[in-house]
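**Q** Below: one structure in structure tokens.
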Amino acid sequence: MAIALGTALVAIGGSAATWFTVPYGTTRYHPTYAVRLDTPELAAGWADDVFIGEVTAREGPRRTDGDRLLWTTYVVEVRKTLKGEVSGSVRVAQEGGDDPLRRQRIVVGDAPALQPGRTYVLATRLAPDGWHTAPSNFTPVDLSPAEGGSGSGADVSAMWQEGVAHPATQRYAHPSGVSRAKDPKALYAKALIG
């Protein structure tokens, strides 16, 4: 009996280990949005917050209640707020990510994933669960001077300050949770980490 149980446990453990060596499949979604976020003016008009932040950690994939879409959350240290009340360490969520149980990489739109150690300009809306959401039709602006980033932080920051000063409204933009909240400060307090 003990030998049979031991053999079964080894077989189950081997199968589980083998599963986690299976390469990820990739599923791509190309959503259509009612709003555009491809200029600082358009993004600033839509966003609750526009800020410069350094990604300090990648937390991993999460699903919201009843939502089939996967989100990847990151811890971001806010360096400078251009619009809104965001400050301190916050959780920023991007659509998509890696689902280790299903061995699937979910790619939504064309926005690149945030990378720990890099600094970005981010335009987000604050969700009721405390996440600052960055949809896939917004491309984070990498300010890091190393490879891949624009490295011209002062020029980009000035461009975004101008966009925040002159935001563009869009006909089909829904009101944000912050604009509808009875107590927006409570939403921002919930969004702080630590």
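The values are calculated or read from the model by the stated rules, or taken from the named source; none is laboratory data. No experiment lies behind these values; they were computed from the predicted model shown. Neighbour counts run over all protein chains shown; Cβ positions are idealised from the backbone, glycine included.
**Q** Confirm whether Gly13 is touching a Ser or Thr at 6+ places or on another chain (Cβ under 7 Å), surrounded by 10 or more Cβ atoms within 10 Å (Cβ to Cβ) and at pLDDT below 85. Break it down into steps so the answer makes sense when it comes.
**A** Working: touching a Ser or Thr at 6+ places or on another chain (Cβ under 7 Å): no; surrounded by 10 or more Cβ atoms within 10 Å (Cβ to Cβ): yes; at pLDDT below 85: yes.
Judged against the criteria, Gly13 is not a match.
Okay, residues lined up against (1) at pLDDT below 95; (2) closer than 17 Å to Tyr188 by Cβ; (3) over 16 Å from the mean Cα position of the chain (by Cα):
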residue	(1), (2), (3)
Val35	yes, no, yes
Arg63	yes, no, no
Val75	no, yes, no
Pro116	no, no, no
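**Q** Restricting attention to the range 153-184, report how many residues are within 23 Å of the chain's Cα centre (by Cα), in contact (Cβ under 8 Å) with a residue 12 or more places away in the chain and part of a helix (DSSP H, G or I).
**A** The qualifying residues number 12.
**Q** Any residue in the range 70-82 that's touching a residue at least 40 places away in the same chain (Cβ under 8 Å) and surrounded by fewer than 21 Cβ atoms within 10 Å (Cβ to Cβ): show its pairings with residues that are among the polar types (S, T, N, Q) and outside any strand (DSSP E or B) at Cβ separation under 6 Å, as long as the two are six or more apart or on different chains.
**A** Pairs found: none.
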